[in-house]
1. Where Lys and Arg each count +1 and Asp and Glu each count -1, what net charge lies around Cys37 among other residues with Cβ under 14 Å from its Cβ?
2. Just the Cα atoms of segment 207-313: what Rg and Dmax do they give in Å?
3. Work through the residues other than Leu89 whose Cβ is under 12 Å from its Cβ and net out their charges, Lys, Arg +1 and Asp, Glu -1.
4. Please report, as a whole percent, how much of the solvent-accessible surface of segment 191-289 comes from carbon and sulfur atoms (probe radius 1.4 Å).
5. Here are several values of Rg/Rh (Cα atoms, Kirkwood Rh): [x] 1.24; [y] 1.05; [z] 0.96. Which one was derived from the coordinates shown?
6. For the chain, return all DSSP H helices satisfying: extent of Cα atoms along own axis at least 18 Å; mean Kyte-Doolittle hydropathy at least 0.5.
7. Got the relative contact order for the chain handy, in percent, Cα pairs under 8 Å and 6 or more residues apart?
8. Given the rule -39500 (n - 2.57) for each run of at least 4 DSSP H residues, summed and divided by the residues of the chain, what is its mean residue ellipticity at 222 nm, to the nearest 500 deg cm²/dmol?
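The values are calculated or read from the model by the stated rules, or taken from the named source; none is laboratory data. Note that the structure is predicted; figures quoted are calculated from it, not measured. Note that we place each Cβ from the backbone using ideal geometry, even for glycine, and neighbour counts take in every protein chain shown. Surface areas here come from the heavy atoms of the whole protein model, side chains and all, with no ligands, DNA or RNA. Shrake-Rupley method; radii C 1.70, N 1.55, O 1.52, S 1.80 Å.
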Amino acid sequence: MKRILIFVTSLLVAVSAMAESHATKPTLMVVPSDAWCSENGYVQDFDNQGTVERIPDYKRALQSDQNLMLAISKINDMMADRGFPLKDLESNLKSIANRTAEMNVTTSKSGSTIAQSPLDMLKNTAKADIIIQLGWSVSETGPKKTLTYILRGLDSYTDKQIAGASGSGAPSMSSEVPVLLEEAVVDKMDEFTGRLEEYFNDLFDNGREGIFEVRVFDNGSGLDLESEFGGTELSEIIDDWMHQNTVEHRYSQSEASENYMLFEQVRMPLMDEKGKAMTAKVFADNLRKYLKQTYQIESKTANRGLGRAYLIIGEK
């Protein structure tokens, strides 16, 4: 009887712990969609190492369009009512502005650079699991208005769409965008948030996806990915580490040469051993520490967004 009680108690504790982990909601941040920003002229050009990229200008959009702030606030309220923690776009933009010492470029001692766009900086500052893009338009027929909307839930690490909702509300006499938006969205919100939670629970089981690049500094040291340590090439050492540290050994080595390795579909643990959210940069730092402690190899890590990290071999 005593053994049965111990077994039942242990089972209940295990089930409770599992339920608690899966009850953890993903953190979200609502932003205006790329299409909405483009249609309304809220874009800026970013020079990414000679390639000009056009990205949304969230700061100017928030300062110029009062309806945007109200619409985001309405979606925030609806998500919060369903138990999803929200990161505030405006607050995170202010945090970036206050950190003026942080630059868009990470530079090594030898002058190598990796560009980081303002959008990447926002993701790194907010550290939201999921970005919800919101777009809408309002049409008028006589005294009534109809709002058509689109919601897209994107994994902030991979930019893959994981949930979506779209539609039009019934014609309304209201002229306020938040009211029209709530009327249009309310019947789709439970399904939308359900898909977000299903996706997040999958991350608990199968890990979070990231991309990792390994490069070599051209500093004349002679060290490259074909250099041997104890009869094993450095590329093999790194590949073995990936095998041991990914969830269920799930990753794909897409490219490999003496100076470059590309790992895609890398499944990182959702949390580190301290219970903090795992980012690609943190994961790459673990590899950097391993190479330093085990083989006395100096390297440097950098990141672009939350889900892409670089390990550069040869110097700090």
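1. -2
2. My reading of the Cα-based Rg and Dmax gives 13.1, 40 Å.
3. Overall, the nearby charge balance is +2.
4. Working: 1890 of 4920 Å².
Roughly 38 percent of what the probe reaches on segment 191-289 is carbon or sulfur.
5. The calculated read-out lines up with [y].
6. Flagged H segments are 2-23.
7. Values: 531 pairs, mean separation 48.0, N = 316.
Normalised by residue count, the contact order of the chain is 15 percent.
8. Calculated mean residue ellipticity at 222 nm is -13000 deg cm²/dmol.
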